[in-house]
1. Could you list all residues from segment B:310-334 that are charged (D, E, K, R) and touching a residue at least 60 places away in the same chain (Cβ under 8 Å)?
2. Quick check on this structure: which one of B:Leu236, B:Leu219 is more than 25 Å from B:Val333 (Cβ to Cβ) and over 24 Å from the mean Cα position of the chain (by Cα)?
3. Failed condition for A:Asn42, given (1) touching a residue at least 24 places away in the same chain (Cβ under 8 Å); (2) within 12 Å of another protein chain (Cβ to nearest Cβ); (3) over 25 Å from A:Pro170 (Cβ atoms), with all others met?
4. Any residue in segment A:153-164 that is at pLDDT 95 or above, touching a Phe, Trp or Tyr at 6+ places or on another chain (Cβ under 8 Å) and in a loop (DSSP other than H, G, I, E, B)?
5. Given the condition within 9 Å of chain B (Cβ to nearest Cβ) and either closer than 20 Å to A:Gly201 by Cα or hydroxyl-bearing (Ser, Thr, Tyr) (or both), answer yes or no: does some residue in segment A:89-107 qualify?
6. State which residue pairs qualify: first residue within 15 Å of B:Glu239 (Cβ to Cβ) and inside segment B:297-309, second residue hydroxyl-bearing (Ser, Thr, Tyr) in any location, beta carbons under 7 Å apart, and separation of 6 or more residues or different chains.
7. Among the helices (runs of 4 or more DSSP H) lying completely within segment B:1-111, list those that include at least 1 residues that are away from every other protein chain (no Cβ under 13 Å).
Amino acid sequence: MKQVFKRPESLSKTPFHYCPGCDHGVVHRLVGEAIDELELKNRAIGVAPVGCSVFAYDYFDFDFNQAPHGRAPAVATGIKRTRPDAIVFTYQGDGDLAAIGTAEIIHAANRGENITVIFINNAIYGMTGGQMAPTTLIGMKTATSPYGRDASTAGNPIRMSEIIATLESPAYVTRVAVNNPANLMKAKKAIYNAFKLQKEGKGFSFVEVVSICPTNWGKKPADSHKWLAENMLPVFPPGTFKDVHGVEKA
Amino acid sequence: MAKVLMKGNEAIGEAAVLAGCRYYFGYPITPQSELPAYLSKRLPQVDGVFVQAESEVAAINMVYGAGSAGARVMTSSSSPGISLKQEGISYIAGAEVPCLIVNVVRGGPGLGNIAPAQSDYWQATRGGGHGDYRTLVLAPNSVQEMADMTIEGFELADRFRNPVLLLSDGVLGQMMEPVNLPEPRDYDVNSKKWALGYPGKDKAERNLCSSIFLDVEELEEHNWHLYQKYQVMTDLFSEGQYKDFAVEEHLCDDAEIILVGYGIISRILKTVVEKCRKRGIKAGLLRPKVLWPFPTKAIQRLADKAANFLCVEMSCGQMVEDVKLAVNGKKPVYFFGRTGGTIPSDFEILNEVDKIVRPD
Amino acid sequence: MSSKVERIILAGFGGQGILFLGKVLAETGMRAGKNVSWIPSYGPEMRGGTANCTVILSENEIASPMVTVPDTVIAMNRPSVARFNLKIKAGGMLMYNSSLIERQEFRDDIRLVEIPASDIAEELGNGKVANLVMAGAYAKFSKLFTVEDLYKALPDFMPGSKKELLEINHTAVEKGFNYVEEKKYMFGRYVYSVFKGI
C-alpha cells in the first residue's frame, strides 16, 4: 500500500505539548516538510525563542539553540556566520519578535543575514498567560488590557512584515495564515520558498504566520479561526511584501 | 618574534587572532574602542568575521550563537555595556558555552565617566547576571599580560566550557608597552563534539545548547553539575595546575604588611613596596591574577605570617571583602581606595602604609 | 636625571602631535633595548585644553607606569607649563617650545631648555614636525637612547610616507638635536620662587 501521509523526517517523535487547536503544531509540520523536501535536515540548526515554542527543540530532529527572549535573530547570526553551510532558522512569537526583540529582528533583516525567520503572530502572549502583545488588536481584551487595548495609551498593533519590507536587504517577506486549507497551502509554499532562498544563499527570508491562541483568546479552535478571518486578517492582511528574487513566480 | 609597541586594547585583538579566534561581535563604547577597530581591520585579513551589532545585548547573543556552533569567539565592552550583556552571559554560563568577554572597566555607576576604575569587581566575580553561576575572571596588569591572558582565556574557556572574563581597565586598555607576541595557533571549529552543526556525530544524535530545565529536579541537577565544575576550577586555581598562574607574590616571605591589589593598581603597589623597603618597612605585594576563583588559600597562608593587610582598589572597596573572608579575622585588613576615575598615587598609598605600621 | 630611568610628561595643544611624540620616544627606547611605557592623558589632568601623555624609559622592569613626579616635562604650549611646572622633580628638566612660550619666571631648581620648535618646523615648511624637533632635542639628554637610535627608528613611525616627508622628519630631529648643542641650556637663569609658580 502506498503511504500518502507520514510524520516529516525533520520532526522528532516527541508529542507536541501545545494546547488543543493551537497552530504551532501545524506550522512546525510545515517547517519540517519544507526542510525534508529541500533535503536540508542534515544541515538544519534551529533557534528556539522564549514563549510557547520555547520547547521547539524537542519537536525537531536536528540541532537547536534555545535563545534568550527576543534574541533569536542575534543568536542565529552567530551560528550562521560560524557555519555558513548550515540552514539556520528562528521560530519566534509576537512578544519575542515584535516587542523585546524588535532591535534584533530589524537589524538581522537589515544586515541581510542569510537566515529564515518564522514569525507566529497570534496577537497575544501565550506562555505567560495571555497578556497584551504589540500585535494585540484595538479593543481586544487580554490579561493586561482588561478594558480592551486602547490606542491612546497602548498604541496600535504593529505590522512587522510591512516594517521589515521597507528595508533594502531582506530577500523575501511574506504574511500567511493557516486558518483554512487554501491558506494552509499558501503558507506551506511560503515556508518552502523561504528555506529555498536560504539554501541558495540569497539572503534574509521572513514568513509571518497569522495564528490563533484558543486558550488565551477564550474561544474554541473553530471559533478562533473564524475570529481570525474576521478580525486579524483585515489588520494583518496576507500577502507578499517583498520578493527580490521572484521565488514565488519560479 | 621581535617586541612590538602596542596599546593594551590592540594587544588583546592581535592575541585573539593568534589564538585562533575568528569571530568578534561588539558595540562601540569608550575606552575599549581600539579593540573593535583593530579587529574590524584584522579579522577580514584572516577570513574572520567582525560584526558591529545593534546593541550590547545583540552582540553577546551573537557570541552565544557562534560559541554554541563551535567558534572560538569573543566580545568586548566597558562597564555600562557589560551590564547590558549580563542576560546573555547568564544564558552562556547556563548552556556551558565557552567564550571570551573583555571588560575595559570605566567609572560608574550609571554612565559614570570614561576614566579607569575597578568598580566592576563584584559584577565580574559574583556572576553578574541572574542565577547560580560563575565566570572565570582574569586580571592582567600589563600590555604583555593583556595578550597572554587573552590566549590563556580562550584555552580555559574551552577546557571548562565556561565564559571567561578578562577584567581590564581604562589605563591598561589605553597604555602602550612592548609585547612579545606568541606564534599563531590553529583552532578547528569542528573540534567540539557538543557544538551545533558538528559534522562528526552519529545520525541519530543531535546537539542542543540550552539553559532551560523546566523540571525542578532537572534544574537542580544541572545547577549542582555547574557547582561541581566550579569546585574543580577552584581547586585547580588554588592548589592545582593553575596555582602559580593565579597569583603573584612579591617580597611576601618576610613582610610585616601585605599590600593586596590587582590590575594596574598592582603595578603602583610594586613601586610602593620598593619605596617601603628603602625606608625600612618590610612590605610585600600579593596580586591576584585570577579574581574568580579568588586566591583565598594564598592569602590564608600569609595571614599566619604577616601582621597587617592593606587592600588598595580603584573603587570604594569591593575585593577587600574577599580579602577579609580569606584572612578570616586573623589579622587586621585595611582598605584604601580612590574612585570615580582617580588613580591613587604611590605617595598617598605610602602614607596609608605609614599610618598602619607607624601609627605614631 | 637618573641613568636608570627617565620619566617624562609631554603636553601641548591637541593637534601638536603630543601623543605621537610620546610614542616616538617610547618606541625608540624600546628598540634601544629598554623597558618602556606610554600612557595617554587620564584622570583630572585631561581637562583644561591640553593633551598629554606619560612615557617611562627604564633599564629595569617598570613597576608603576604612572608618573607623579616627572624627571622631564616637554611643554609645547603655555597651559602645559602652568600645569606641570611644579610637578617636576628637583634637579629635573623643563623643555619648552619657546616659539609659543615666552621666557618667564621659572623655578630655579630645574634645568631649562628652550627650543623654538614651532619656528624651526615652519622653516622646514611643515609646522607639524615641531614635535620631532623636540624629539631630537630630547635625544641630546637621554641616557637611554641616542639620536642615532632615533634616526634609525624614524622611517618606521610613518610607514608609507613619501620620501620628502621622511626627509623633513629627519631634518627636524637633526635641527632639534643641534639646536640644543648650539644654544646650550640655561640652569637657574631666571631665578624666582618655586612657590609663586607661574
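The values are calculated or read from the model by the stated rules, or taken from the named source; none is laboratory data. None of the values given here were measured: they were computed from a predicted structure. Glycine also receives a Cβ, built like all others from the backbone with ideal geometry; neighbour counts cover every protein chain displayed.
1. Answer for segment B:310-334, where residues must be charged (D, E, K, R) and touching a residue at least 60 places away in the same chain (Cβ under 8 Å): B:Glu313, B:Asp322.
2. So the residue among B:Leu236, B:Leu219 that is more than 25 Å from B:Val333 (Cβ to Cβ) and over 24 Å from the mean Cα position of the chain (by Cα) is B:Leu219.
3. Tallying (1) touching a residue at least 24 places away in the same chain (Cβ under 8 Å); (2) within 12 Å of another protein chain (Cβ to nearest Cβ); (3) over 25 Å from A:Pro170 (Cβ atoms), A:Asn42 fails exactly one: (1).
4. yes
5. Among the residues of segment A:89-107, at least one is within 9 Å of chain B (Cβ to nearest Cβ) and either closer than 20 Å to A:Gly201 by Cα or hydroxyl-bearing (Ser, Thr, Tyr) (or both), which makes the answer yes.
6. Note: pairs meeting the criteria are B:Lys297/B:Ser238.
7. B:8-18, B:34-42, B:79-95
For (1) part of a loop (DSSP other than H, G, I, E, B); (2) under 20 Å from B:Asn190 (Cβ atoms), each residue gets a yes or a no:
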site: A:His28; (1), (2): no, no
site: A:Gly32; (1), (2): no, no
site: A:Val50; (1), (2): yes, no
site: A:Phe55; (1), (2): no, no
site: A:Ile79; (1), (2): no, yes
site: A:Val88; (1), (2): no, yes
